[in-house]
Amino acid sequence: MNIKTLSLGGSLVSPDGVDVEFLEQFNKRIRDYLEKDSERKLIIVVGGGAPAREYQQAARRLREDVHNDELDWIGIAATKLNAQLIKTMFHDLCLEPVVENPELDAFSQGRILVGAGWKPGFSSDYDAAVLAYRFGSEVLVNLSNISYVYSADPQKDASARPLKNMQWNELTNLVGDSWKPGSNLPFDPIAAKFAKEHALRVIVANGKNMENLEAILLDKPYEGTLIH
């Protein structure tokens, strides 16, 4: 069985309202990939995107002492909404309910398993990492709106350069080792710790580049950052 895991950034699904055009392209590309080999399966874990951050910002304005766990629950609700949309799109291929707890048994039927956020303390990247490890994915593909992890924030540092290959400790130096609700990072620090402990490889790539996504799925040369 060939199972690959995608952590689909919510910013791709809902950057400012649902991006139907992107989802139509994603839908076609994923179906084409699965149709070519009956042994192929996919796990797709979806982030919260703009709705998560918008509601979290509203919560902060409504209550100055709002707790991080409360903000995380808001973000998790957004991931569930996005995940349900993805499941609806792949209705004939995704036969299981949206996975909320990645540690429970799942994926006994269908070609696609869709997951959402689980509980406070980390992002949906962590859920994707747990599922990737549990189901033996050789690599976790983290799809967002960036093509590479950079040596520094390119919006703040003109000398920042794209990295094609990096170690987990290098990523930790960039993103830290703790999670803050609403963080916009190349990869969740808590997920990074799990991935390092379980020797997972992660590819960070731009999810809007469909040809590149296909190359990654087919183990061909690609644009992106390999973290290991």
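If the condition is being modelled with pLDDT under 95 and either of a type in the set (Gly, Ala, Ser) or buried (at least 24 other Cβ atoms within 10 Å of the Cβ) (or both), then segment 103-121 contributes 106, 108, 121. Residues that are assigned to a helix (DSSP H, G or I) and under 23 Å from residue 71 (Cα atoms) within segment 173-189 comprise 175, 189, listed in sequence order. Summed over segment 210-225, residues that are out of contact with any Phe, Trp or Tyr (no Cβ under 9 Å at 6 or more places or on another chain) and buried (at least 18 other Cβ atoms within 10 Å of the Cβ) total 1. Only residues that are outside any strand (DSSP E or B) and either in contact (Cβ under 8 Å) with a residue 40 or more places away in the chain or surrounded by 24 or more Cβ atoms within 10 Å (Cβ to Cβ) (or both) were counted across segment 190-209, and they come to 10. Condition check: within 22 Å of residue 34 (Cβ to Cβ), under 15 Å from the mean Cα position of the chain (by Cα) and in a helix (DSSP H, G or I). Does residue 132 satisfy that? Yes: the conditions hold for residue 132.
Considering only residues that are surrounded by 13 or more Cβ atoms within 10 Å (Cβ to Cβ) and either among the hydroxyl-bearing types (Ser, Thr, Tyr) or on the phi < 0 side of the Ramachandran plot (or both), which ones fall in segment 168-179? Of everything in segment 168-179, those that are surrounded by 13 or more Cβ atoms within 10 Å (Cβ to Cβ) and either among the hydroxyl-bearing types (Ser, Thr, Tyr) or on the phi < 0 side of the Ramachandran plot (or both) turn out to be 168, 170, 171, 172, 174, 175, 179.
Of all residues in segment 42-65, none are among the charged types (D, E, K, R), buried (at least 18 other Cβ atoms within 10 Å of the Cβ) and not in a helix (DSSP H, G or I).
Among the residues of segment 74-95, those identified as surrounded by 16 or more Cβ atoms within 10 Å (Cβ to Cβ) and either of a type in the set (Ser, Thr, Tyr) or outside any helix (DSSP H, G or I) (or both) are 79, 90, 93, 94. Please specify each residue of segment 1-32 satisfying the condition of being over 17 Å from residue 88 (Cα atoms), among the small types (Gly, Ala, Ser) and part of a helix (DSSP H, G or I). Across segment 1-32, the qualifying residue is only 11.
Screening residue 163 against (1) buried (at least 17 other Cβ atoms within 10 Å of the Cβ); (2) more than 18 Å from the chain's Cα centre (by Cα); (3) under 24 Å from residue 15 (Cα atoms) leaves a single unmet condition, (3).
The values are calculated or read from the model by the stated rules, or taken from the named source; none is laboratory data. The structure displayed is predicted, hence computed values, not measured ones. Cβ coordinates were reconstructed from backbone atoms using ideal geometry, including for glycine residues, and neighbour counts include every protein chain displayed.
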